[in-house]
C-alpha cells in the first residue's frame, strides 16, 4: 500500500466560480476538505474546515452559481466549518476527471492554500503512477512525497516531552496564555518546581514544536 502527496497548481480556467473568488482574496487563508460525497443527483456534498474571514467566504458562496446550499458553523473569529452542496463540475472540462478511471482513495484533508491544491492519494503503485500521469496531462503538478503508507502523522502531543506537555498544561490552566495575562512565569515555575529560566525554556521548546506542527506543509 503506497501513498503519493501531490501539489496541483490550477489555472483560473480550471477553477469553479467559487474557487476563483476564494483564490483572489487575502481574506481566506486555507481550506481543508475533510469529507465529501457525490450524490446520485450529481451534487457534491462537502465538509470543510476554513481559516479566514467567514463573511468573505459567505459572500463568495452567495455569488457562485454552482453552489446550491451551504451552512457555516463558527469555531472562533477566524475559523469555521462549512457544509457546502455544489453542482458537480463537468467531467469533460475538470481536471478532477483524471481520477475517475483509477482505483485509489484520497486521504483527507485535501488542502487548498496559496492558489494550489495539496492531495494525498493512497493505493497500489501502478494505479498511483497512472493517475499521476493522467493528472499531469491536465494541470501542473509537483510530487512532494511518495512512499509506503504508515498512517496519519503523529499527534501533536507526540512531539512534546512529558515535561514540556506539563509545562504547557500548567501555563494554560494558570492563565499564562490569557489576554491580558492572568499569571506570570514565576507562578508557572513555582507549580513546576523549577526555576523561571527552566520554565521559560520548557514553554519555548514546546511552543516551537506546536508552531512547526501547524505550519509544516
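Length available on full extension from residue 140 to residue 114: 0.36 nm per residue minus the Cα-Cα distance, which gives 7.9 nm.
Quick one: grab the alpha carbon gyration tensor of segment 176-216, order the square roots of its eigenvalues as a ≥ b ≥ c, and give me rounded if a/c is under 1.5, else prolate or oblate depending on whether a/b is larger than b/c. Judged from the Cα gyration tensor, segment 176-216 comes out oblate (a/c at least 1.5, b/c at or above a/b). Taking 0.36 nm per residue of separation and subtracting the Cα-Cα distance, full extension of the segment from residue 163 to residue 100 would add 17.8 nm. Taking the square roots of 5 times each eigenvalue of the Cα gyration tensor of the chain, largest first, gives ellipsoid semi-axes of 40, 23, 14 Å.
Using a Gaussian network model of the chain in which every pair of alpha carbons under 10 angstrom is joined by a spring, one finds that among 176, 83, 70 the greatest mean-square fluctuation is at 176. Across all Cα atoms of segment 1-113, the radius of gyration (one decimal) and Dmax (whole number) stand at 14.2, 42 Å.
Each of 165, 57 was scored by other Cβ atoms within 10 Å of its Cβ. Arranged with the fewest first, they read 165, 57. Take every Cα pair under 8 Å whose residues are at least 6 apart in sequence, average their separation, divide by the length of the chain, and the relative contact order is 24 percent.
Readers should treat all values here as calculations from the given coordinates under stated rules, not as data from a laboratory. Keep in mind it's a predicted model, so treat the numbers as computed, not measured. Here Cβ is always computed from backbone atoms with ideal geometry, including for glycine, and neighbour counts include all displayed protein chains.
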